Number of protein chains: 2
Amino acid sequence: MKYYPDASGSLTYPEVNVAIEEVFAEHGRGNVQMPPKIYITFPEGDFRTMPASIPSQNLAGVKIVNVHPGNPAHGLPTVMATIILINPATGIQTALIDATALTDMRTGAAGAVAAKYLAQKKPLTIGLVGSGRQAEAQLNAIAAECDIEEVIVWSRRKENADRFAGAYQQSPAKSVRTIEEACNCDLLVTTTPSREPLIRSEWIQPGTHINAIGADAPGKQELESALLARAEVFVDDYEQAIHSGEVNVPIRSGAYSAERIAGTLGEVVIGRKQRSSADAITIFDSTGLAVQDLAIARIVVERMEGKEIEEDNRLIPPAP
Amino acid sequence: MKYYPDASGSLTYPEVNVAIEEVFAEHGRGNVQMPPKIYITFPEGDFRTMPASIPSQNLAGVKIVNVHPGNPAHGLPTVMATIILINPATGIQTALIDATALTDMRTGAAGAVAAKYLAQKKPLTIGLVGSGRQAEAQLNAIAAECDIEEVIVWSRRKENADRFAGAYQQSPAKSVRTIEEACNCDLLVTTTPSREPLIRSEWIQPGTHINAIGADAPGKQELESALLARAEVFVDDYEQAIHSGEVNVPIRSGAYSAERIAGTLGEVVIGRKQRSSADAITIFDSTGLAVQDLAIARIVVERMEGKEIEEDNRLIPPAP
C-alpha cells in the first residue's frame, strides 16, 4: 500500500470537474456499486464510511471521513478524510490517500457539474450563503465551467464575508449584510451547517439554480420547504439525499415528498433528465458520493508516485 | 496516523479471547454501534467495509477486508485486511493496522468464547471440517479455554488433513477420510467455504456444540438445514447472520426461520441466554463482527508503538 499525502495543490478544477462529471454519468447509467454512506455517531461528531466501485474505470475503494463541529476550537479541522483504493481483481489495498482537501475539491466539482447543466447559459451572478472552505471550492470549481459576472457573499459573521470577497480576484465580488441580498443572483450556493432553513422561497427569482451543499446529515436544512415545493430538485443519490440531504427534513415532516424529486444529477449529465423550462427554479441537493471520491483518487494515483507504507516501517514493541 | 504491521506474533490467545469476550458482552448489552458489514462485489471476489464503535472502551474504527478465492493461484492470500482506528472525540484517524492475521485470531477467539460457554465442561474431542488457517486459529483459541482430549481432522484433500494433524502437538490429533468420522466429537468446527451443506444432521450426537465459521456471505452453507432445525442456534449478530451467516440459505429457502434463532453469543456471555439442556445441540453461527476487530486492534495499539505514516513520506510527482 502506498501513502499519498495531500495532492490537492497538484490538481486543477478543469480536470477534476471532467472526472467528476464522468462518474456522475456512470452513476446515472446505473453502472456503479455504491451503498449509502454509513454513519457512526459520537457525542462530539460522527464518522462516515463510503465504499464504492466503478467497474468501467476498474476502480474500487472506500472513503473514511469524520465531521466534528467542535474541532476548530481545538485547532483541528472539522472534517478529515482518507481514501483507500482496492484492486478489484485481487482485493489488494493499493493506496492510502489523504483526502481532506480532495473532499473539498470533489464536492466543489459536483457543484460545477450541476451549474454547467442546470444554471442559465450566460454570465452569472453567483450568490454565496456561507463563506468557508466549501464556498471557495464551489466558486473555483464553477469558475472552470461558467462565466462569472459577479459574486455576492453572505456569512453569519460579516467579517468572514468581507475577507472572502476581498480575497476573490477573478471577478467582481462583494459582501452583503443580509441573506436576501445574496439571493438576488442567477446561481445560489449554500454551504452552511444550518439546521434551520435560512433561504426563504420568496427571495428566489424564477430561473435561479441553487447548489444546496450544506445539508449532509439527518436534521440539516438550508432551504425553506416551500422553496423545494416550488422547484425542480435534482439529488446526487436518492437514498443518501432522502436520508441526509437538503430534502431529508421536509420529507420527514411531510412538507415534501420523495416522489417529487426530479431526478439525479447523473441522469441530467446523460441527458435523461433536464430542467423543464428557463423559468424553473432548479436545486442540486448534494450529499457527496463515494464515487466522487474514487474519481479524484484516481487522478492522484495516476499523477503522483506516493510511497510504500511498509518500507522502512518497523513495529517497535515498547520497552518492557 | 501510525502504521502497525502484522502484530499477531506478539499477541496470545488468552488475552485476545478475554478482549473478544468483553466486546461480545458489550454487544449483548446493546452498547455498541455496528451497522451490518457492507459488501462491494467484483467478478473475482468482494470487499467488505465494517465500521463500529464501542463507547465504553472509547474505541471506534473500520475494518476493510477482501475475499478473493482465486488469489492463492496467483500467490496472494484470499483474505487481506486493514483496520483504521478513529479517535471518537476528534475524528482523527490514529492507526492503520495490518489486520490479515489479526482477522484469523479474532475469529478464532469468537469460536473459543462460544466453546467456553456452549460446549460441554469436560475434556473435549474436537472435530475439524476444514484444515486451513481458520481451523488452526479456532483450535489454538479453543485450547486456551477448554481441555482438549483429541483432535479429528477432515479436509477435502486428505494430505492437508494429514499435515494439519501431524503438525498439531498439544493433544493427540488424527486425520480421517470421511466428514462423518470428524463429526463423532463433542465440539465440531466447520471452516470451509462450502455452498453445499457438508454436515448431515444424523451424524451429530446430542450435546454436541458446533462452531459454524465458514459461511460468511450470501449463498454459503456448511450444515444441513435439518441440523439447524434440530439445534439451538446462537448467532454473533442477527442482521449479519440472516444476511450472510450459516442460517442465510435455510432462511431464504424457508427451511429455517429467523424467529427460531436462540439468541446471540453476546447474550450468552452476559447470562441472558444459554443452552437449554446438556443434550441440546448448540450451534454458534459466526459471521465476524467489526467490534471483534476493534477489540484486537486495541491490544495492538496498546502493545506496540507503530510508526507515523507521514514522517519521511514525500509525495513524488513523476518526471514529466
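All of the numbers you see were taken from the coordinates with simple rules; none came from a lab. Being a predicted model, the structure only gives us computed values, none of them experimental. For neighbour counting, all protein chains shown are included, and Cβ atoms are generated from backbone atoms with ideal geometry for every residue, glycine included.
Evaluated with a Cβ-only charge set (Lys, Arg +1; Asp, Glu -1), segment B:110-289 carries a dipole of roughly 180 debye about its Cα centre, given to the nearest 20.
What the phi angles of segment B:191-203 give under the Karplus curve with 6.51, -1.76 and 1.60, with θ = phi - 60°, is a coupling list of 9, 9, x, 5, 10, 10, x, 9, 9, 8, 4, 5, 7 Hz, glycine and proline written as x.
Each DSSP beta bridge with both residues in the protein assembly as shown is either parallel or antiparallel, and the antiparallel ones are about 45%. Between the alpha-carbon centers of segment B:19-48 and segment A:97-118, tell me the distance in whole angstrom. Taking the Cα centre of segment A:97-118 as reference, the centre of segment B:19-48 is 31 Å away. Inter-copy label distances at residue A:263, shortest first and taken from points set 7 Å along Cα to Cβ: 5.5 nm.
Sites listed here are trypsin sites (Lys or Arg not before Pro) in segment B:123-187 whose DSSP assignment is loop and whose Cβ has at most 13 other Cβ atoms within 10 Å: B:156, B:157, B:177. Note on A:69-78: average number of Cβ atoms from other chains within 10 Å of each residue's Cβ is 2. Other residues within the sphere of radius under 14 Å centred on the Cβ of residue B:281, judged by their own Cβ, net out at -3 (K and R +1, D and E -1). Its relative contact order, with pairs defined as Cα atoms under 8 Å and 6+ residues apart, puts segment B:110-289 at 22 percent.
Mean per-residue shielding of peptide B:90-100 is 5, counting Cβ atoms of other chains within 10 Å of each Cβ. Helix B:100-118 axis versus longest C-alpha principal axis of chain B: approximately 40°, rounded to the nearest ten. The shape of segment B:147-205 comes out oblate: with a ≥ b ≥ c from the C-alpha gyration tensor, a/c is at least 1.5 while a/b does not beat b/c. Restriction of the trypsin sites (Lys or Arg not before Pro) in segment A:187-244 to DSSP coil positions whose beta-carbon has at most 15 other beta-carbons within 10 angstrom yields A:195, A:200. Which of rounded, prolate or oblate describes segment A:99-191 when judged by the alpha-carbon gyration tensor and an a/c cut-off of 1.5? Judged from the Cα gyration tensor, segment A:99-191 comes out oblate (a/c at least 1.5, b/c at or above a/b). Projecting 7 Å from Cα along the Cα-to-Cβ direction, the label point of residue A:200 sits 7.9 nm from its equivalents in the other copies, listed shortest first.
Relative to one another, the C-alpha centroids of segment A:134-200 and segment A:228-288 are positioned 22 Å apart.
Using only side-chain charges placed at the Cβ, +1 for Lys and Arg and -1 for Asp and Glu, the dipole size of segment A:196-320 relative to its Cα centre rounds to 380 debye.
Charge tally for residue A:118 (other residues, Cβ to Cβ under 9 Å; Lys, Arg +1; Asp, Glu -1): +1. Cross-link partners of residue A:220 among lysines, defined as those whose alpha carbon lies under 20 angstrom from its own and excluding same-chain residues fewer than eight positions apart: A:37. In this structure the amide hydrogen of residue B:151, modeled in the peptide plane, comes within under 5 Å of the amide hydrogens of B:126, B:173, B:174, none closer than 5 places in sequence on its chain. Helix B:13-28 axis versus longest C-alpha principal axis of chain B: approximately 90°, rounded to the nearest ten. With an a/c value of 1.5 or above and a/b not larger than b/c for the gyration tensor axes a ≥ b ≥ c computed over the alpha-carbon atoms, segment B:1-151 is described as oblate. Around the Cα centre of the protein assembly as shown, unit charges on the Cβ atoms of Lys, Arg, Asp and Glu (plus for the first two, minus for the last two) sum to a dipole of about 520 debye.
Sorted shortest first, the separations between the residue A:30 label point and its copies elsewhere in the assembly read 3.9 nm; each point sits 7 Å from Cα along the Cα-to-Cβ line. Amide H contacts of residue B:210 (H built 1.01 Å from N, in plane; Pro and chain starts excluded): B:188, B:282, B:283, B:284 sit under 5 Å, all sequence-distant by 5 or more or on other chains. The phi torsions of segment B:38-43, fed into the Karplus equation with coefficients 6.51, -1.76 and 1.60 and a -60° offset, translate into couplings of 9, 9, 10, 10, 10, x Hz, rounded to whole numbers, with Gly and Pro shown as x.
Across the options B:77, A:73, B:289, the greatest Cα extent toward the positive end of the charge dipole of the protein assembly as shown (unit charges at beta carbon of Lys, Arg, Asp, Glu) belongs to B:289. Mean residue ellipticity at 222 nm, helices only, chain B: -9000 deg cm²/dmol; runs of at least 4 DSSP H residues each add -39,500 (n - 2.57), and the sum is divided by the number of residues.
The relative contact order of chain A comes to 20 percent, based on Cα pairs under 8 Å that sit 6 or more residues apart. Under 5 Å between amide hydrogens, built in the peptide plane, is the criterion, and for residue A:306 it picks out B:316 among residues at least 5 positions away or on other chains. A cut-off under 13 angstrom between Cβ atoms defines the neighbours of residue A:99, and their net charge, with Lys, Arg +1 and Asp, Glu -1, is 0.
Loop-resident trypsin sites (Lys or Arg not before Pro) (DSSP state other than H, G, I, E or B) in segment A:84-127 with no more than 14 further Cβ atoms inside 10 Å of their Cβ: A:121.
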